[in-house]
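Heads up, the thing below is written out as structure tokens.
The values are calculated or read from the model by the stated rules, or taken from the named source; none is laboratory data. This structure is a prediction, so every number in the text was calculated from the model and none was measured. No Cβ is skipped: glycine too gets one built from the backbone with ideal geometry, and neighbour counts run over all protein chains shown.
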There are 2 protein chains.
Amino acid sequence: MGRQAAAPESRKLSAGETAEDARTHILDAAEALFENEGYRAASVRAITAKAGVNLAAINYYFGNKEALLEAVCQRRLGPLNEARLRKLKEIRAGARRVGRKVELQPVLRAFMAPALLLKESGGSAAGFPALFGRALADPDDTVQRIIFKMMKPVHQLMLEMMGEALPGVSREEVFWRYQFVIGAMARATRVYKNPRFRGAGLEDPGPEGGVNTLIDRLVSFTLAGAQAAPGMNIKCKKNSAPESI
Amino acid sequence: MGRQAAAPESRKLSAGETAEDARTHILDAAEALFENEGYRAASVRAITAKAGVNLAAINYYFGNKEALLEAVCQRRLGPLNEARLRKLKEIRAGARRVGRKVELQPVLRAFMAPALLLKESGGSAAGFPALFGRALADPDDTVQRIIFKMMKPVHQLMLEMMGEALPGVSREEVFWRYQFVIGAMARATRVYKNPRFRGAGLEDPGPEGGVNTLIDRLVSFTLAGAQAAPGMNIKCKKNSAPESI
DNA sequence: AACAGTTTTAAACGATTGTATTAAACGGAG
DNA sequence: CTCCGTTTAATACAATCGTTTAAAACTGTT
């Protein structure tokens, strides 16, 4: 714990802002490597090499590798979750104003769109959704704790508003439908524009292969799924006709 | 590469079957540790210690750690995918027999049920679905290659049959809906019975908290999602009334 | 009992990991 | 210029990684 909090706090750089540059370069390199290799596999040596800084720079600026991961996530997930919460509360306020219950579709869109829109934000942020999609399933406890802490307010509000939008559906049922939404979105962030899936049934990006199309598909899928009547599909495999339409 | 294929091939053990026991103990320990720690983080020392065998046993029986992961996956995913393919072909044959198109609901059930049913198969296999759910998002290339190779036949048949069950839906659209199905299922395998999510909006396991309930929820959600009309939810955010129902 | 093949053991290998240390280079203020 | 706080640099550290080696222990057969 020797040099605790050695990060610069005086902030009186003026000329080249080199310190802020180094931090940013490290964050960018770490984001890219965490996305492609995972948290554990991305070594501090690889990160510092890619960032063009010295090996010790990570410990100097962030303390340790775990704090770096937290900073990487915070940089993107902070504004992203703020946008989500703002939009969700806006939706709820709008519904209150006209004395109606919250509508499910804009809620799902408010949750998913900000994340996927990062994908076409030219800069280095484009890689974060995939990184986050990975992190959701990362076995590392460090990753899980960081993600869970940052997502908790969003999770709570989403569960509350989905519950309101789905009257008569039990809390447990709402919980699971929200999990399915998360799963579908997380999968999308990892598959979209991933060269591994090129040609695996997906020939061209298509005439409308942009992120907006993907968001529409996700919202359409999860909206119908979350509104589905439960238990309709139990034990009707043999006697009924195969299709109706 | 020194001792290539040093695995026992003569198979003339008779008394205690100790060799097969060691292999099985290693597979069980590796399965549990891969599930909880991930492929990279689960060291061969931890695996062999948990299995109660010598450190060198993994290299002796499997060659290296990567081959061990492949064996772990093969042991569960082999029979599992066989069951899936058998059921899917059965469904298709049944549809052909009556001259109709394949129905989507049994297709989704045939894909998801065998995997989730492992969760309540008392033995060590119960941990595999979560392991597989993780592996789907694992950043490690080794993991991805193994999973992709084993899943390819299932993926191909699923895409084909979902395409048949969804006439008029483009191949690209079918591809994405299948990805959403995979994502929802993968998320379910990792959340179900995970102590981390206990109390996060899910108070009790509920009176019907078994795997069958989860499967029904998944099938219900993904069936409605995959059958949803696409693009219905575009551009209706501002001018229309906040809610209609 | 002596042998041959299989399995288990203890020890060590080189490589890589995250972090700590210590000194050198930098840059504006006095 | 000199000084001082900040940043960079090279190097070393202990720990752990997957794998290899060679000898010991065990097995059933002759």
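The table that follows gives values for the structure above.
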quantity	calculated
B:PRO139, sole failed condition from (1) surrounded by fewer than 18 Cβ atoms within 10 Å (Cβ to Cβ); (2) within 17 Å of A:GLY133 (Cα to Cα)	(1)
A:ARG76, sole failed condition from (1) more than 13 Å from chain B (Cβ to nearest Cβ); (2) surrounded by fewer than 17 Cβ atoms within 10 Å (Cβ to Cβ)	(2)
Residue match in the range B:151-171 (condition: modelled with pLDDT under 95, at the interface with chain A (Cβ under 9 Å from one of its Cβ atoms) and buried (at least 22 other Cβ atoms within 10 Å of the Cβ))	no
Cβ pairs under 7 Å, 6+ apart, first in the range A:45-62 and within 14 Å of A:GLU31 (Cα to Cα) and in contact (Cβ under 8 Å) with a residue 12 or more places away in the chain, second in a loop (DSSP other than H, G, I, E, B) and near DNA strand C (Cβ under 10 Å from one of its atoms)	A:THR48/A:ASN54; A:THR48/A:LEU55
One residue from A:ASN36, A:ASN59, A:ASN54 being farther than 19 Å from A:GLN144 by Cβ and within 14 Å of chain B (Cβ to nearest Cβ)	A:ASN36
Total residues in the range B:128-167, condition outside any loop (DSSP other than H, G, I, E, B) and either more than 19 Å from B:ARG92 (Cβ to Cβ) or more than 15 Å from the chain's Cα centre (by Cα) (or both)	27
Residue count, the range A:213-245 (criterion: modelled with pLDDT under 60 and in contact with a Leu (Cβ under 7 Å, 6 or more places away or on another chain))	1
Breaking point among (1) buried (at least 20 other Cβ atoms within 10 Å of the Cβ); (2) touching a residue at least 24 places away in the same chain (Cβ under 8 Å); (3) within 21 Å of B:ALA184 (Cβ to Cβ), for A:PHE128	(3)
